[in-house]
Amino acid sequence: QVQFVESGGGVVRPGGSLTLSCTVSRIIFNIYTVGWYRQAPGKQRELVGLIYSGSGTKYGEFVKGRFTISRDNGKNTVALQMNSLKPEDTAVYYCNADYKGTAYWGKGILVTVSS
């Protein structure tokens, strides 16, 4: 059974920064595309950022250079550095691992951006 350990969420003021981290076990991590999605109340889940096995990246349009995703295959970890956070970034953030359409999800971690 694939296991996720997500950390780094919490409450931050607008303009602040947070780093989310996700460690995934029981998969061959380096062949998976891994990343983060988010879901705000009343909204659909959307892509935040993902990083391919070859280290290429893709971000949601709303990111606009504020977030950086990275991976450490030696530690089975994907991290999301989030800067210049806005209240509209408030959501539950989910870690995802995908290999050719077989996807696994973490339980999610709450990020709240509020003054």
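What's the number of the condition Arg45 fails, among (1) at pLDDT below 95; (2) within 13 Å of Asp89 (Cα to Cα); (3) surrounded by 15 or more Cβ atoms within 10 Å (Cβ to Cβ)?
Of (1) at pLDDT below 95; (2) within 13 Å of Asp89 (Cα to Cα); (3) surrounded by 15 or more Cβ atoms within 10 Å (Cβ to Cβ), only one is false for Arg45: (1).
Looking at Ala91, Ala79, which one is at pLDDT 95 or above and over 22 Å from Ile28 (Cβ atoms)? Lay out the reasoning, then the answer.
Numbers: Ala79 fails: over 22 Å from Ile28 (Cβ atoms).
Going through Ala91, Ala79 in turn, the sole match is Ala91.
Which residues, taken from the range 51-73, are in contact with a Ser or Thr (Cβ under 7 Å, 6 or more places away or on another chain), under 20 Å from Lys86 (Cα atoms) and not in a loop (DSSP other than H, G, I, E, B)?
Within the range 51-73, just Ile69 meets the criteria.
Condition first: among the β-branched types (Val, Ile, Thr) and in contact with a strand residue (DSSP E or B) (Cβ under 8 Å, 6 or more places away or on another chain). Now tell me which residues in the range 68-114 satisfy that.
From the range 68-114, those among the β-branched types (Val, Ile, Thr) are 68-69, 77-78, 90, 92, 102, 109, 111-113; that's our starting set.
Across the range 68-114, the qualifying residues are Thr68, Ile69, Thr77, Val78, Thr90, Val92, Ile109, Val111, Thr112, Val113.
Tally up the residues in the range 101-113 that are open to solvent by 60 Å² or more (accessible area, probe 1.4 Å) and either under 14 Å from Leu50 (Cα atoms) or small (Gly, Ala, Ser) (or both), please. Quick ask: steps written out before the conclusion?
At the first step, the residues of the range 101-113 found to be open to solvent by 60 Å² or more (accessible area, probe 1.4 Å) are 101-102, 104-105, 107, 110.
Those still in the list that are either under 14 Å from Leu50 (Cα atoms) or small (Gly, Ala, Ser) (or both) too: 101, 104-105.
Count: 3.
When you look at Tyr94, is it among the aromatic types (Phe, Trp, Tyr) and within 18 Å of Gly8 (Cα to Cα), yes or no?
Working: among the aromatic types (Phe, Trp, Tyr): yes; within 18 Å of Gly8 (Cα to Cα): yes.
Taking the combined requirement at face value, the residue satisfies it.
The values are calculated or read from the model by the stated rules, or taken from the named source; none is laboratory data. Just so we're clear, the structure is a prediction, and the values are computed from it rather than from any experiment. As a convention, Cβ positions derive from the backbone with ideal geometry for all residues, glycine included, and neighbour counts pool all protein chains shown. Accessible surface areas use protein heavy atoms only, side chains included; no ligands, DNA or RNA. Shrake-Rupley method; radii C 1.70, N 1.55, O 1.52, S 1.80 Å.
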